[in-house]
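Notes follow once the structure below has been shown.
The values are calculated or read from the model by the stated rules, or taken from the named source; none is laboratory data. Fair warning: this is a prediction, and the values are worked out from it, not measured in the lab. Note: ideal-geometry Cβ built from the backbone for every residue, glycine included; neighbour counts use all protein chains shown. Accessible surface is based on the protein model in full, side chains and every heavy atom, while ligands, DNA and RNA are left aside. Shrake-Rupley method; radii C 1.70, N 1.55, O 1.52, S 1.80 Å.
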Amino acid sequence: MNSHIKEILGSVLSVIGTVEAAIGSTPFQQLSKETKFNLSLQGNVLQAAGASLSADGQGSLSLELIGDEIQAIGNSTVVVGLLIQFNDIVNQKLIIIGNWLQALGSFVGLTDEFFDSTPSGRALNIAGGLLQGIGNSMQALGGTDQLYNNNDEYGQFLGVSGSWIQAIGSVLSLIGQIKEETEEIQLGINE
């Protein structure tokens, strides 16, 4: 699989994962607690796989590569917080740390877009990365608020809003990535 396909496929997996996790975080009464948990878990696994695949598609060391790797670590940390039952406080802290790492990864990768040699998709990648970083930051802040204020509504609102902002950002990034990779293919640029 060539690097262009890896980056596009990684972005597709990230979109599916962010939307799945956003649905899992939303307090829909029709969904059971178990279904929401599974959506959050599967969503974070898909995001970690997508970020890893995108990182693997990078041709050389770059801020985008480092950002993808940090995001994959962040999603993996959330997965550990969801799966391994330490205690509620430790699990919540792992999820918060994972969301902060995802935000950091988004912002690190975003900076690379300002120096990208292919203009196609650049604005969408910048907007998408910014929204993902903001969304993950909101999720981390919401989780922190819920941890220290006993699951209050404000923390839940921040978390759910952040999940959907991250999902919107990942969709914009996917569109931008497709445009960027298409231009690189047309120009014969191999990463």
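Surface composition of region 13-141: carbon and sulfur atoms hold 68% of the protein heavy-atom accessible area at a 1.4 Å probe. Between helix 88-113 and the chain there is an angle of about 20 degrees, using the helix long axis and the longest principal axis of the Cα atoms. Between Gln42 and Ile84, full extension at 0.36 nm per residue minus the direct alpha carbon distance yields a gain of 13.6 nm. Between region 80-115 and region 1-35, the alpha-carbon centres lie 16 Å apart.
The residues of region 40-187 expose on average 46 square angstrom of accessible surface per residue, using a 1.4 Å probe on protein heavy atoms.
Taking Cα atoms only, the orientation of helix 63-83 departs from the longest principal axis of the chain by about 20 degrees.
Largest first, the three principal axis extents of the alpha carbons in region 40-184 are 49, 26, 21 Å in whole numbers.
With the helix formula -39500 (n - 2.57) applied to DSSP H stretches of n ≥ 4, the chain reaches a computed 222 nm mean residue ellipticity of -29000 deg cm²/dmol.
Distance between the pseudo-spin-label points of Ile189 and Phe157 (7 Å out from Cα toward the beta carbon): 4.3 nm. If I stretch the segment between Ile175 and Ile5 completely, what's the gain in nm (0.36 nm per residue apart, minus their alpha carbon distance), one decimal? That pair, Ile175 and Ile5, stretches by 59.8 nm at full extension. Among the chymotrypsin sites (Phe, Trp or Tyr not before Pro) in region 111-191, those located in a DSSP loop and surrounded by at most 11 other Cβ atoms within 10 Å of their own Cβ are Phe114, Phe115.
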